[in-house]
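The values are calculated or read from the model by the stated rules, or taken from the named source; none is laboratory data. Keep in mind that this is a model prediction, so the values were computed, not measured. Because the Cβ atoms are built from the backbone with ideal geometry, glycine has one as well, and the counts that use them run over all protein chains shown.
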Amino acid sequence: MTGTLIGYARCSTDRQDLTAQRQELAGLGVAPERIYLDKGLTGTNRARPGLDQAMAAVRKGDTLVVLKLDRLARSVPDARHIADELQEKGVKLALGRTIHDPEDPMGKMFFNILATFAEFEADLIRMRTREGMAIARAKGKLRGKQPKLSQKQQKELCRMHATGEYSIGDLAGVFAVSRPTVYRTLNRAAASS
């Protein structure tokens with residue numbers, strides 16, 4: 001690999017850790033200050049600050065290093081777009097220790113196969129999530145967002161509002177909630193009575 005090595009690492013949730021990816025990138029020769037990160041962002045979302053910074057940091061002759069293609073993109077069009085953008089800049093793409101050569105028909109085919117598997121895996125994750133949510137909903141465990149105020153607080157808010165002594169802003173301040181939350185609470189109480 002020639003030029004400067006720029007690393008990129010990503011994990012999909014805030015609970016995951018990027019330490020292992022950082023260490024592997026360092027093992028491939030990427031300086032720690034040249035590793036750009038995205039934590040808690042899915043690869044299907046192209047709007048990723050760390051990726052944008054990595055793409056802005058690479059110059060002609062540099063190499064963008066990612067451990068696996070699914071860290072870079074989770075769809076075939078997105079992977080192709082990023083690879084094409086790098087090629088236009090004169091930047092190489094390294095998947096681990098392997099340099100992607102867009103001019104080599106076998107390399108191009110292999111890249112597209114990896115992108116297809118990354119997209120397939122993302123589709124499977126979405127499908128499993130929907131199935132899990134449907135099961136939880138059927139069991140009554142998935143009820144949507146819960147009200148910010150307890151039942152007792154909601155009753156007290158309505159009682160205070162009914163006195164006419166408190167404005168919506170006053171009630172929001174007393175209960176430490178937003179004005180829309182106060183309106184929603186009052187509307188729910190009116191609808192249920």
Of all residues in the range 32-73, how many are in a loop (DSSP other than H, G, I, E, B) and either among the charged types (D, E, K, R) or under 21 Å from His100 (Cβ atoms) (or both)?
12
Quickly run through the range 74-99 and pick out the residues that are under 17 Å from Ile125 (Cβ atoms) and assigned to a helix (DSSP H, G or I).
Val76, Asp78, Ala79
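Residue-wise test of (1) assigned by TED's automatic domain parsing to the domain that holds Thr19; (2) more than 22 Å from Ser12 (Cβ to Cβ); (3) surrounded by 13 or more Cβ atoms within 10 Å (Cβ to Cβ); (4) within 20 Å of the chain's Cα centre (by Cα).
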{"site": "Pro32", "(1), (2), (3), (4)": "yes, yes, no, no"}
{"site": "Ala47", "(1), (2), (3), (4)": "yes, no, no, yes"}
{"site": "Gly50", "(1), (2), (3), (4)": "yes, no, yes, yes"}
{"site": "Ala56", "(1), (2), (3), (4)": "yes, yes, no, yes"}
{"site": "Lys92", "(1), (2), (3), (4)": "yes, yes, yes, no"}
{"site": "Phe111", "(1), (2), (3), (4)": "yes, no, yes, no"}
{"site": "Ala115", "(1), (2), (3), (4)": "yes, no, yes, yes"}
{"site": "Met133", "(1), (2), (3), (4)": "no, no, no, yes"}
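Per-residue answers, yes or no, for (1) touching a strand residue (DSSP E or B) at 6+ places or on another chain (Cβ under 6 Å); (2) at pLDDT below 95:
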site: Met1; (1), (2): yes, yes
site: Arg10; (1), (2): yes, yes
site: Leu37; (1), (2): yes, yes
site: Gly43; (1), (2): no, yes
site: Gly50; (1), (2): yes, yes
site: Val65; (1), (2): yes, no
site: Asp78; (1), (2): no, yes
Kindly establish whether Asp70 is crowded, with 17+ Cβ neighbours inside 10 Å and touching a residue at least 40 places away in the same chain (Cβ under 8 Å).
yes
So Ala9, is it of a type outside the set (Phe, Trp, Tyr), assigned by TED's automatic domain parsing to the domain that holds Ile99 and crowded, with 16+ Cβ neighbours inside 10 Å
yes
Which is on the phi > 0 side of the Ramachandran plot and free of Cβ contacts under 8 Å to residues at least 24 places away in the same chain, of Gly144, Gly107?
Gly144
List the pairs whose first member sits in the range 42-61 and is β-branched (Val, Ile, Thr), whose second member is at pLDDT 80 or above, and whose Cβ atoms are under 6 Å apart, counting only residues at least 6 apart or on separate chains?
Thr42/Ser12; Thr44/Arg74; Thr44/Ala122; Val58/Ile6; Val58/Leu64; Val58/Val91
